[in-house]
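Shown next, in structure tokens, is the structure this report addresses.
The values are calculated or read from the model by the stated rules, or taken from the named source; none is laboratory data. These numbers were taken from a predicted model, which means no experiment stands behind them. Don't worry about glycine lacking a Cβ; one is built from the backbone with ideal geometry, like all the others, and counts go over all protein chains shown.
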Amino acid sequence: MVNRLTSTYKGYFETEAKRNDMVSSRDVDLHYHYNRVMREGTQEAYNDLKNELEHRQYVDELFTQEYFMDVVNAPEIPQNFDCLRMMVEGVMDMCGEWSSYSLKYVRKLANVCDTKTSEEVADIYVKIGQYCGTF
């Protein structure tokens, strides 16, 4: 089981590790939990690493849905902050607290707010709730 976690962990950093020895702030928790498993080898450390990896997979799957596909005409700087605030709070309420890892996807919410109609935004909001089991 530890071998599978190690393989998944290393998969996140395969290309990154070749470039430098720095750790992205988005990956600090993953590194911490992995090193705990390697250092302590306890069931608690293993469960924490497993939970971190499952959280990442859950968030990655949510934000790779077709309604979050990158939009070429999205402004570089978010414009609709009321919508963005509502979406960020909605995701938190429906899917759980934002983590340092999941924060990387806020840009996708901004793109939705800046490129979709209010009806499309409402539809995406409902789809997020369905994905997260709220609706």
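Would you call Gly96 touching a helix residue (DSSP H, G or I) at 6+ places or on another chain (Cβ under 7 Å), surrounded by 13 or more Cβ atoms within 10 Å (Cβ to Cβ), within 25 Å of Glu52 (Cβ to Cβ) and not polar (S, T, N, Q)?
On the way: touching a helix residue (DSSP H, G or I) at 6+ places or on another chain (Cβ under 7 Å): no; surrounded by 13 or more Cβ atoms within 10 Å (Cβ to Cβ): yes; within 25 Å of Glu52 (Cβ to Cβ): yes; not polar (S, T, N, Q): yes.
No: the conditions fail for Gly96.
Considering the range 99-135 alone, what residues qualify as being of a type in the set (A, V, I, L, M) and surrounded by 16 or more Cβ atoms within 10 Å (Cβ to Cβ)? Show your work before the answer.
So the first thing to find is which residues in the range 99-135 are of a type in the set (A, V, I, L, M), and the list is 103, 106, 109-110, 112, 121-122, 124, 126, 128.
Selection gives Val106, Leu109, Ala110, Val112, Val121, Ile124, Ile128.
Kindly indicate which of Tyr125, Tyr105 is modelled with pLDDT of 95 or more, assigned to a helix (DSSP H, G or I) and closer than 26 Å to Asp29 by Cα. Lay out the reasoning, then the answer.
On the way: Tyr125 fails: closer than 26 Å to Asp29 by Cα.
From the options Tyr125, Tyr105, the qualifying one is Tyr105.
Six or more apart or on different chains, Cβ atoms under 7 Å: show the pairs whose first residue is in the range 74-87 and under 15 Å from Ser118 (Cβ atoms) and whose second is of a type outside the set (Phe, Trp, Tyr) and part of a loop (DSSP other than H, G, I, E, B).
Within 7 Å, the pairs are Leu84/Pro78.
For (1) polar (S, T, N, Q); (2) at pLDDT 95 or above; (3) assigned to a loop (DSSP other than H, G, I, E, B); (4) in the same structural domain as Tyr125 (by TED's automatic domain parsing), each residue gets a yes or a no:
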site	(1), (2), (3), (4)
Val59	no, yes, no, no
Val72	no, no, yes, yes
Pro75	no, no, yes, yes
Asp82	no, yes, no, yes
Val91	no, yes, no, yes
Met94	no, yes, no, yes
